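Below is one structure, written out as structure tokens, with a few remarks after it.
Every read-out reported here was derived from the displayed coordinates using simple, explicitly stated rules and does not represent laboratory data. All values reported here derive from a predicted model rather than from experimental measurement. Virtual Cβ from ideal backbone geometry, glycine too; neighbours counted across all protein chains shown.
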Amino acid sequence: MKNISLLGATGSIGLQTLEVIREHPQEFSLYAMAFGKNIEKALPIIKEFKPSLVAVSDEQSRRALLAEHPRLEVIAGNEGLEVISIEPAVDVVVNAVMGSVGLQATLKAIEAKKQVALANKETLVTAGHLVMEKAKKHGVELLPVDSEHSAIFQSLNGEARNDIRKILLTASGGSFRDKSRQDLADVTLDDALKHPNWSMGAKITIDSATMMNKGLEVIEAHWLFDVPYEEIDVVLHKESVIHSMVEYKDNSVIAQLGTPDMRVPIQYALAYPSRLELPKSKRLDLIEIGKLHFSEMDQQRFPCLRMAYDAGKEGGTMTTVLNAANEIAVEMFLTGRISFLEIEELIQRAMDKHETISRPDLGTILEVDHQTRTKVLSYLD
Ligand code: NDP
Ligand code: MG
């Protein structure tokens with residue numbers, strides 16, 4: 001039995017992680033959970049899974065929770081994410097919060113030598129070098145939940161690093177795959193929120209439409225698998241059946257395939273190194289699919305992908321700026337304050353204005369993250 005601490009329990013990945021726990025009561029138990037403010041979604045989770053410890057983002061949410069569950073142990077504030085990541089009784093920390101707010105919890109979980117299932121890709125984009133150094137120091141293997149990285153992880157199993165020629169990340173193309181640059185000028189929020197293949201949280205759905213999600217994933221792959229940016233390619237693959245691939249020096253390409261179902265990478269990361277059953281109804285039926293399509297990714301058409309490569313190659317604090325500017329720009333788009341194409345403009349502007357600091361420590365990263373958010377907001381005044 002593994003005790004799980006789930007950060008972001010009320011979100012898209014959080015709820016699917018709970019499905020995996022529900023389906024495997026002999027293997028997993030929810031020991032602790034964190035969420036932001038969504039009390040309505042949290043209450044039934046607490047009732048069903050009876051966690052011993054709950055972290056919420058603010059005091060008001062803590063009081064609302066205690067009104068319903070007076071004897072529950074509830075911690076308020078961002079440090080709650082850290083507290084529930086180092087609890088001695090916890091075996092696996094699933095980090096599924098949205099945004100760089102998850103960084104310190106990931107670092108603490110590694111220090112405490114927990115098994116870390118990482119969905120929170122912003123953690124690696126904002127401070128990949130700190131996370132990977134810590135993981136190495138404490139002998140902790142990070143288990144990716146992101147479907148592409150889970151596919152790469154599985155395709156790399158046991159192979160020598162110097163036998164790899166390329167990582168081939170697949171991209172579905174997001175909501176606006178078939179639109180031209182001109183068409184994008186007046187797309188609406190509702191259009192952007194309709195992803196063709198996956199149902200996900202609002203921020204990552206917008207990231208998929210701008211292609212920033214793939215950019216963040218390129219940086220995530222660079223850190224997780226220690227591969228230079230020149231050896232990471234993105235391939236457009238609209239069916240989302242091949243979740244990603246690794247090409248080796250003998251021209252062999254190894255891939256992981258499946259129907260688009262986030263429970264597969266989630267339960268792989270939870271149960272690692274074992275595999276668990278899933279219903280046969282969700283099997284991949286290759287005969288029914290018939291054909292798979294691949295095409296080249298156009299970085300002119302999707303400038304956010306180009307910006308992510310630029311930031312990654314520049315290194316240091318530039319990826320912190322990319323991530324923070326993107327988080328704010330997407331929030332502004334989601335709240336109707338800017339248009340779709342202004343997202344990329346704001347990020348580019350923040351990057352152009354930034355003087356990179358190389359090998360930043362945690363304090364510097366947090367400072368640059370904060371300053372970038374303030375600066376991007378000031379562009380709108
Ligand atoms: P959601 O927006 O659906 O959920 C985010 C979760 O984080 C919610 O539970 C939210 O709580 C919680 N949260 C936000 N801020 C805080 C905070 N300050 N303290 C505590 N909890 C907080 O996001 P997703 O599930 O879509 O994505 C989560 C992460 O997983 C992201 O990094 C994303 O890129 C990654 N990912 C997601 C995939 C998907 O299919 N959804 C696929 C691959 C990766 P509340 O509800 O109360 O606001
Ligand atoms: Mg992904």
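Which of 281, 100, 29 has the fewest other C-beta atoms within 10 Å, and how do the rest follow up to the most?
With the fewest neighbours first, 281, 100, 29 line up as 281, 29, 100.
On average, how much area does the Cα convex hull of the stretch 2-140 cover when viewed from any direction, in nm²?
On the way: hull surface 30.1 nm².
The Cα convex hull of the stretch 2-140, projected and averaged over all directions, gives 7.5 nm².
Translational diffusion coefficient, Stokes-Einstein: compute it for the stretch 147-300 using the Kirkwood radius over C-alpha pairs as Rh, at 10 °C and 1.306 mPa s, and state it as an integer in µm² s⁻¹.
D = 96 µm²/s.
Would you please name the trypsin sites (Lys or Arg not before Pro) within the stretch 234-291 that are DSSP coil residues with at most 13 other C-beta atoms within 10 Å of their C-beta?
On the way: sites: 238, 249, 263, 275, 280, 282, 283, 291; in loops: 238, 249, 275, 283, 291.
Passing sites in the stretch 234-291 are 249, 275, 283, 291.
Given H placed on each backbone N at 1.01 Å, which residues far from residue 2 in sequence or on other chains put an amide H within less than 5 Å of it?
HN-HN under 5 Å from residue 2: 28, 29.
For q = 0.14, 0.16, 0.20, 0.21 Å⁻¹, what log10 I(q)/I(0) does the stretch 315-381 give under the Debye formula with an equal point scatterer on each alpha carbon and no solvent?
-0.37, -0.48, -0.71, -0.77
Output needed for the chain: three equivalent-ellipsoid semi-axes, defined as square roots of 5 times the C-alpha gyration tensor eigenvalues, in descending order, whole Å.
Calculated on Cα positions only, the semi-axes equal 30, 26, 22 Å.
Subtract the Cα-Cα distance of residue 163 and residue 19 from 0.36 nm times their separation in residues, and report this length gain in nm to one decimal.
The residue 163-residue 19 span can extend by a further 48.1 nm.
Looking at the chain, what % of its DSSP beta bridges pair antiparallel, to the nearest 5?
Just about 30 percent of them are antiparallel.
Across the stretch 171-179, in residue order, what do the Karplus-derived ³J(HN,Hα) couplings come to in whole Hz, using 6.51 cos²θ - 1.76 cosθ + 1.60 with θ = phi - 60° and x for Gly and Pro?
10, 6, x, x, 4, 10, 3, 9, 9
For the stretch 108-155, what D do you get in µm² per second when you plug the Kirkwood radius from alpha-carbon pairs into Stokes-Einstein at 37 °C and 0.692 mPa s?
In µm²/s, the coefficient is 298.
Strictly over 23 Å apart at the Cα level, which of 113/282; 137/249; 2/214; 203/238; 214/238 would you flag in this model?
113/282; 137/249; 2/214
Going by average Cβ density within 10 Å per residue, which order do the peptides 362-372, 10-20 take, highest to lowest?
Peptide ranking by packing, descending: 10-20, 362-372.
Along the stretch 233-242, what does the Karplus equation 6.51 cos²θ - 1.76 cosθ + 1.60 (θ = phi - 60°) give for ³J(HN,Hα), rounded to whole Hz, x for Gly and Pro?
10, 10, 10, 6, 9, 5, 7, 6, 9, 7
Using modelled amide H (1.01 Å from N, peptide plane; none on Pro or chain starts), what sits under 5 Å from the amide H of residue 297, excluding residues fewer than 5 places away?
236
Could you calculate the FRET efficiency of residue 313 with residue 367 from 1/(1 + (r/R0)^6), where r is the beta carbon distance between them and R0 is 25 Å, rounded to 0.05?
0.65
For every helix of n ≥ 4 consecutive DSSP H residues, a contribution of -39,500 (n - 2.57) applies; sum these over the chain, divide by its total residues, and give [θ] at 222 nm rounded to the nearest 500 deg cm²/dmol.
Roughly -14000 deg cm²/dmol at 222 nm, from the helical runs in the chain.
Can you list which of the GluC sites (Glu not before Pro) found in the stretch 227-282 are DSSP loop residues with at most 14 other C-beta atoms within 10 Å?
Loop-located and lightly packed - 277.
On a full-extension model of 0.36 nm per residue, what is the gain between residue 52 and residue 183, subtracting their alpha-carbon distance, rounded to one decimal in nm?
42.1 nm
How far is it, in nm, from the label point at residue 136 to the one at residue 339 when both lie 7 Å from their Cα along the line to the Cβ?
Spacing of the two 7 Å Cα→Cβ label points: 4.6 nm.
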